[in-house]
Amino acid sequence: MSFTIPTARLESMLQEDSPYGDLTTLGLGIGELHGRLSMTAGALMTVCCTEEAETLFRLAGCEEVQSFCRSGAQVEEGSPILQARGPASALHRATKTAQTLLELTSGIATAAARLRATARQIRPEIAVACTRKHLPGAKDVMLRAITAGGCVPHRLGLSDSVLVFAQHRGFLGRQPPHLWVAQLRAAQPERKIAVEAGNVDEAVQFAHSGADILQCDKFSPEQIGEVVRALNGHPQRPVLIATGGIGDRNIADYARAGVDVIATSAPYTALPLDVRVTIERNGR
């Protein structure tokens, strides 16, 4: 999955930060003076949103903008990320928005890349997905970041996938799982049917009831291993997903346990990574 944040969204970010102009630049009377800006990495990072940062400076009115790396690239501390030239009004209008976007998304992308690399050292084919626990209203930015780190979205939202939780099953009474799995398949014939299990017995039951995807929530790696062994030889074994409390300290254990996908929210809480900014007046 690869995409960039739409121009209209970036325009709204600029507008949010300076809806009535930049009082400092206006008050000092320096808006028409020309300068140059450089952004460099303040740490080793998987960089994200360099393309969007370039667009932000162009939208603000900079005449020359150049980014030196693409989203998803790993860069060393001190590496150049972006340069821009233009009037001080344009440079100052875009700087903080672009810097903050780069720092936040690069922090998330770096954490995502690290988790994926750890899991794939154990099992090269395993997928690492990030959950829907991103900040509401910031889905595009968060997904941009985790995909730059090589992870995939677990679910894009309620409208794109089917996932039955215990909270859904509470409304079904004693209806056996194979019946509501069949009902869902008839209602959504183009969708895979995913079911979340809370223990090993539920996982095995849902697998034999026809679920396509089995999400094992807050299972220990040992419990995951039990499910894998119980379903050995199953003619249509579901895709197995481990989720719940998985991060740097234990992702390798879950990869060893034999799941197909690890779903985690951990990258979304990563700290921003420093992007250093310098601005100088031309002709000094």
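Among residues other than T118 with Cβ under 15 Å from its Cβ, the summed charge is +3 (Lys and Arg +1, Asp and Glu -1).
In the complete set of protein chains, residue-level accessible area for K133 is approximately 150 Å², probe 1.4 angstrom.
Here V164 sits with roughly 10 square angstrom of accessible surface, probe radius 1.4 Å.
The modelled label-to-label distance for the pair A43/C69, using points 7 Å beyond Cα in the direction of Cβ, is 1.4 nm. Here the relative contact order of the chain, from alpha carbon pairs under 8 Å that lie six or more residues apart, stands at 22 percent. If you average the sequence gap of Cα pairs under 8 Å that are 6 or more apart and divide by the length of the stretch 1-82, what percent do you get for the contact order? After rounding, I find 36 percent. Accessible surface for R229 stands near 150 Å², nearest 10, in the context of the full protein assembly shown (1.4 Å probe).
Using a probe of 1.4 angstrom, how much of the accessible area of the stretch 196-284 is carbon and sulfur, in percent? Numbers along the way, then the final one.
Numbers: 2050 of 4400 Å².
Here carbon and sulfur together make up 47 percent of the probe-accessible area.
Taken as Cα centroids, the stretch 213-282 and the stretch 60-135 sit 22 Å apart, rounded to the nearest whole angstrom. Applying the Karplus relation 6.51 cos²θ - 1.76 cosθ + 1.60 with θ = phi - 60° to the stretch 188-201 yields 3J(HN,Hα) values of 10, x, 9, 10, 6, 9, 9, 9, 9, 10, x, 7, 4, 4 Hz, where x marks Gly and Pro.
With n ≥ 4 as the cut-off for DSSP H runs, can you work out [θ] at 222 nm for the chain, using -39500 (n - 2.57) per run divided by the number of residues, rounded to the nearest 500? Show your work: numbers first, answer last.
Details: 10 runs with 114 residues, N = 284.
So the helix-based figure for the chain works out to -12500 deg cm²/dmol.
Counting only alpha carbon atoms, the long axis of helix 88-122 and the longest principal axis of the chain meet at about 30°.
For R229 and S2, FRET efficiency with R0 = 41 Å and r from the beta-carbon atoms, rounded to 0.05?
On the way: r = 37 Å, r/R0 = 0.90.
The value I calculate is 0.65.
Heavy atoms only, probe 1.4 Å: what % of the accessible area of the stretch 1-96 goes to carbon and sulfur, would you let me know? Mind showing how you got there, number by number?
Details: 2500 of 5020 Å².
Solvent-exposed carbon and sulfur of the stretch 1-96 make up 50 percent of the total.
Per-residue 3J(HN,Hα) values for the stretch 69-86, derived from phi via the Karplus relation 6.51 cos²θ - 1.76 cosθ + 1.60 with θ = phi - 60°, read 8, 9, 4, x, 6, 8, 10, 7, 4, x, 5, x, 10, 7, 10, 9, 10, x Hz in sequence order (x marks Gly and Pro). Could you point to the label whose value was computed as P(r) over Cα pairs in 5 Å bins from 0, in percent for the structure here, given [x] 1, 5, 12, 16, 19, 19, 15, 9, 3, 0; [y] 1, 5, 9, 11, 10, 8, 7, 6, 6, 6, 5, 4, 4, 3, 3, 4, 3, 2, 1, 0, 0, 0; [z] 1, 6, 11, 14, 14, 12, 10, 8, 7, 6, 5, 3, 2, 1, 0, 0? Comparing each candidate, only [z] matches the computed number.
Using a 1.4 angstrom probe, figure out how much accessible area the chain has per residue, in square angstrom, rounded to the nearest whole. Intermediate results must be reported in sequence, preceding the final value.
On the way: 14480 Å² over 284 residues.
I get 51 Å² per residue for the chain.
Among 22-34, 107-119, the peptide with the highest mean count of other Cβ atoms within 10 Å heads the list, and the full ranking is 107-119, 22-34. Please give the net charge around L44, taking every other residue with its beta carbon less than 15 angstrom from that of L44, where Lys and Arg add +1 and Asp and Glu add -1. Charge balance near L44 sits at -2.
Label positions at F165 and D212, each projected 7 Å from the Cα along the C-beta direction, are separated by 2.1 nm.
The values are calculated or read from the model by the stated rules, or taken from the named source; none is laboratory data. All of these numbers come straight from a predicted model, not from anything done at the bench. Note: ideal-geometry Cβ built from the backbone for every residue, glycine included; neighbour counts use all protein chains shown. For accessibility, only protein heavy atoms count, side chains too; no ligands or nucleic acids. Shrake-Rupley method; radii C 1.70, N 1.55, O 1.52, S 1.80 Å.
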